[in-house]
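Report on the following structure.
The values are calculated or read from the model by the stated rules, or taken from the named source; none is laboratory data. Please read all numbers here as calculations on a predicted model, not as lab measurements. Note that each Cβ is placed from the backbone with ideal geometry, even for glycine, and that neighbours are counted across all protein chains shown.
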Amino acid sequence: MKRLFTILYQKWPEYLIEILVIIIGILAAFTLNNWNDVRNTRKQENVLLSNFLEDVKLDSHALNSYQNRIATQSILNQKLFLVSKGNKPIHEIENLNIIRWNMNIGHIAYSNNPEIATNLSSETIRKAIREYYSRITLHDFIVKEYNHVIIDIVRPFLRSKKILETDGIFARSTFDTIDHELFIFQDSQKISNSPTIDQEKFSMIASSEEFEQVLFEISAKTGVLEREYVSLKAANQELIAIIKEFLNQ
């Protein structure tokens, strides 16, 4: 036993070094494993964000179409106001039937990736996505209110005045000539050149107090939606910039 203690006493520095080498090796293995996990996680996030970025870019194109659509409605509202005051002849207005159109919308990024924020490690990107999705929720609520005015106020008013032209509306050739992608975005210049509203009949009710009330309602909702598209497009572009910066790191 005395001899064993003597050996330990003489060789303890060597044993200590060996133990330290083993500990360092174990720590290095854990560090390397963690580094590989972080690297793999970052690769997976990059793939996820790259796909998401393409969806957000598609949203950007759609928002431009929606904004153009509502801008067309806004211009029509201004022209109709002039008509109601007798300052513009009704025959100078093209595509009068735009007043009947509701908004058909969709958000590709949100539809394809509703829970993406929970799968990301970057708090900056998670926050940006949540803010963008919150903006989308607000936008959709405003669109719902806008569509309510079109569907429940404008269309019933026009029907009640019997100023809609329905001859040939179900002719197949009419639908064959429509570009269905454009139809989704309701392009006012390319959907149809044939008005569905009788201009002469419309001119007879354009100056009525009842129509002024209808025009006020649609103009108010159009203005709110116009401002919302400015904010939503800004949020869209900010999110694109944040994701690109992250992917370029």
Problem - Criterion violated by Leu53 - all others in (1) of a type in the set (A, V, I, L, M); (2) over 28 Å from Phe141 (Cβ atoms); (3) in contact with a helix residue (DSSP H, G or I) (Cβ under 7 Å, 6 or more places away or on another chain) satisfied - result: (2)
Handout entry: Residue satisfying all of: in region 94-119; charged (D, E, K, R) and outside any helix (DSSP H, G or I); surrounded by the fewest Cβ atoms within 10 Å (Cβ to Cβ) among these
Key = Glu115
Problem - Search result, residues across region 120-139 that are touching a residue at least 24 places away in the same chain (Cβ under 8 Å) and either outside any helix (DSSP H, G or I) or more than 20 Å from Lys57 (Cβ to Cβ) (or both) - result: Leu120, Ser121, Ser122, Leu138
Completion exercise
Reported set for region 98-127 where residues are more than 21 Å from the chain's Cα centre (by Cα) and under 16 Å from Thr222 (Cβ atoms) is Ile98, Ile99, Arg100
Practice task
Filter region 44-93 down to residues that are touching a Lys or Arg at 6+ places or on another chain (Cβ under 8 Å) and in a loop (DSSP other than H, G, I, E, B) and give me whichever is nearest to Ser207 (Cα to Cα).
Solution key: Lys88
Exercise for the section: From the list Leu182, Leu239, Leu164, pick out the single residue that is at pLDDT below 90 and buried (at least 17 other Cβ atoms within 10 Å of the Cβ). Expected result: Leu164
Problem - Within region 69-81, considering residues that are surrounded by fewer than 16 Cβ atoms within 10 Å (Cβ to Cβ) and free of Cβ contacts under 8 Å to residues at least 24 places away in the same chain, the one nearest to Met103 (Cα to Cα) - result: Ile75
Handout entry: The listed residue being of a type in the set (Gly, Ala, Ser) and closer than 18 Å to Val214 by Cα, out of Ser121, Ser74, Ser111
Key = Ser74
Exercise for the section: Output the residue which, of all residues in region 120-134 that are of a type outside the set (Ser, Thr, Tyr) and within 12 Å of Leu239 (Cα to Cα), is surrounded by the most Cβ atoms within 10 Å (Cβ to Cβ). Expected result: Ile129
